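The values are calculated or read from the model by the stated rules, or taken from the named source; none is laboratory data. Just so we're clear, the structure is a prediction, and the values are computed from it rather than from any experiment. Cβ sites come from the backbone with ideal geometry, for glycine too, and all protein chains shown count toward neighbours. When the accessible area is computed, the model is the full protein with side chains, heavy atoms only, and any ligands, DNA or RNA have been set aside. Shrake-Rupley method; radii C 1.70, N 1.55, O 1.52, S 1.80 Å.
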Number of protein chains: 2
Amino acid sequence: MDPSKHELGFIGLGVMGASMAGHLLEAGYRVRVTTRSPEKAQEIIARGAAWADGPAAIAADCDRVFTMVGYPSDVEEIYFGPSGLIENAASGAYLIDMTTSSPLLARKIYAAAAARGIRALDAPVSGGDVGARNATLSIMAGGDKDAFDALAPLFALMGKTVVLQGGAGAGQHAKMANQIAIAGSLAGVVESLSYVKSAGLDPRIVLQSIGSGAAGSWQLSNNGPRMLDGNFEPGFYVKHYLKDLRIALDSAREMGIELPVLSLAESLFSLLQDKGLGNKGTQALYLLYELGLHGQESS
Amino acid sequence: MDPSKHELGFIGLGVMGASMAGHLLEAGYRVRVTTRSPEKAQEIIARGAAWADGPAAIAADCDRVFTMVGYPSDVEEIYFGPSGLIENAASGAYLIDMTTSSPLLARKIYAAAAARGIRALDAPVSGGDVGARNATLSIMAGGDKDAFDALAPLFALMGKTVVLQGGAGAGQHAKMANQIAIAGSLAGVVESLSYVKSAGLDPRIVLQSIGSGAAGSWQLSNNGPRMLDGNFEPGFYVKHYLKDLRIALDSAREMGIELPVLSLAESLFSLLQDKGLGNKGTQALYLLYELGLHGQESS
């Protein structure tokens, strides 16, 4: 893809979006950005990006627009709001939502875009802030194969594992599968360490025994030590993970399947959020077990 | 340790016990064995082990006795039964229970042994049949440091990671921590793949996207593909895992802690056993989701 021929738009400059947009800029593309908090755009503008005043302005100038925002309601607003992308993008443009959002909303965007000759893909990611910074994200895409192929050179600037999972919404479904596996794994680590602590064992010594066998996981190796260090700073926010769990649960309900571990995880993370810990990292689930699992114990 | 000076006893020659006793024999020790099904002893006797007629006969001749049987009730019988080890072992002997069993029972054995000048350790393992065969088990020990040190050369013949976790029962507690972490991890994989299948995605392609990041685990990498291949043969039996989950739950109750994911896993595995799948491997939890989670759907 010839960087001189395309104007790229990037909406949403949180910790991840800022890194991802930065990679596009470094590759030589002209990049226009917009975000709800303009101060978050200062750094990337200093590096050469142009500011645009909202989604409509981005859509007017850019033939490939990436969105990386917080919640499905934000996505809805950016695509379908009064100055939204669907209304204002040119026929033939590509709109790529990299937010972790609802599969249903992804299909709605795809259909509305298609009706106006616009190509839409859902392409949520995993790998967190570190993956975004190092361009090692796993990008899970949903949409048409030819649109995916057309965007592959851009995805390659942001991610290491880039896979088309199926039609519109399939990227979001794959991301939900990721979040569901994490729910079990993370909760298992938390309960394991809670047990160990109650039994009076040294959890670090227990981790030596159990860390590399059938109980081993990314969560155990990475979040286990953080829990024991009392480090609850966000790698990934509780509030965002709770949003994802709710999307996954809604989606499971729509499909008519029962996922009790996912349901339980959602209720545990709801409780955690209710205790005012939404801005901690997901490993703060451990605190919930230390505080006590019942609502009344928090008062 | 000089192999000529010690007579080792080994009680229980299941898939794991047979491999473990074999390593002791290969190292040059005289080994006496007994097991409930004598035909299971034929192979190791052909390799040079001697047969003994029950625990009392083992205790009469051996100064270090290992037990590796099925259930806490079997352990109870072997140690405290009418011809049990406690009653018949000589003062100064070492009794090492490597069965995954109850921490409470381990402490009871320790105390009864100590009262007769006998040294007891709990030393359950993880690593399965492969770890037993290759002597790469993780051995989690509980008991006195000097007794552990005295047995270290023997443990080293059977395991790679050999760790004293604390006093009597601590080995069993560490093993419970292992089983609890597995419960979450395994259930998360099962729900993730169930979701993916319902959403119409190709689960093998999803595993490419989610296998190496924050959702990654031993369970995902090893049992995920088995589930998708329809391979439910036992690496580790459902019936034995259910036993472990129940010990962990009982133990958590005794300590007054609530572990809802563990509770949920126990009820899911109970349901699986009720459906007649106790002799399948733990990855058969996936079948429960395919069969439907409600009892009535099985009829």
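Filtering region B:264-282 to residues that are open to solvent by 50 Å² or more (accessible area, probe 1.4 Å) and either hydroxyl-bearing (Ser, Thr, Tyr) or assigned to a helix (DSSP H, G or I) (or both) leaves B:SER267, B:GLN273, B:ASP274. Touching a helix residue (DSSP H, G or I) at 6+ places or on another chain (Cβ under 6 Å), closer than 29 Å to A:GLY171 by Cα and more than 7 Å from every other protein chain (Cβ to nearest Cβ): does that describe B:GLN283? Criteria met by B:GLN283. Restricting to region A:239-258, and then to whatever is in contact (Cβ under 8 Å) with a residue 12 or more places away in the chain and open to solvent by 60 Å² or more (accessible area, probe 1.4 Å), can you tell me which residue is farthest from A:LYS280 (Cα to Cα)? This residue is A:GLU254. Kindly indicate whether any position in region A:33-52 is among the polar types (S, T, N, Q), closer than 30 Å to B:ALA199 by Cβ and not in a helix (DSSP H, G or I). Within region A:33-52 (the criterion being among the polar types (S, T, N, Q), closer than 30 Å to B:ALA199 by Cβ and not in a helix (DSSP H, G or I)), the answer is no, since none of the residues qualifies.
Take the residues in region A:223-238 that are in a helix (DSSP H, G or I) and either open to solvent by less than 20 Å² (accessible area, probe 1.4 Å) or touching a residue at least 24 places away in the same chain (Cβ under 8 Å) (or both); name whichever of them is farthest from the other protein chains (Cβ to nearest Cβ).
Here the answer is A:VAL238.
Working only within region A:239-267, note down all residues that are away from chain B (no Cβ under 11 Å) and under 16 Å from the mean Cα position of the chain (by Cα). If the condition is that a residue be away from chain B (no Cβ under 11 Å) and under 16 Å from the mean Cα position of the chain (by Cα), then A:LYS239, A:HIS240, A:LEU242, A:LYS243, A:ASP244, A:LEU245, A:ARG246, A:ILE247 are the ones that fit. Somewhere in region B:126-135, is a residue touching a Ser or Thr at 6+ places or on another chain (Cβ under 8 Å), closer than 20 Å to B:LEU285 by Cβ and either surrounded by 19 or more Cβ atoms within 10 Å (Cβ to Cβ) or among the acidic types (Asp, Glu) (or both)? Within region B:126-135, one or more residues are touching a Ser or Thr at 6+ places or on another chain (Cβ under 8 Å), closer than 20 Å to B:LEU285 by Cβ and either surrounded by 19 or more Cβ atoms within 10 Å (Cβ to Cβ) or among the acidic types (Asp, Glu) (or both). Of the residues making up region B:151-187, those that are more than 7 Å from chain A (Cβ to nearest Cβ), open to solvent by 10 Å² or more (accessible area, probe 1.4 Å) and aliphatic (A, V, I, L, M) are B:ALA152, B:ALA156, B:LEU157, B:VAL162, B:LEU164, B:ALA168.
Residue count for region B:188-199 under the criterion of being at the interface with chain A (Cβ under 7 Å from one of its Cβ atoms) and open to solvent by 10 Å² or more (accessible area, probe 1.4 Å): the result is 3.
Can you tell me which residue among A:ASP53, A:ASP61, A:ASP97 is among the charged types (D, E, K, R), more than 14 Å from chain B (Cβ to nearest Cβ) and closer than 29 Å to B:LEU201 by Cβ?
None of the others qualify; the one that does is A:ASP97.
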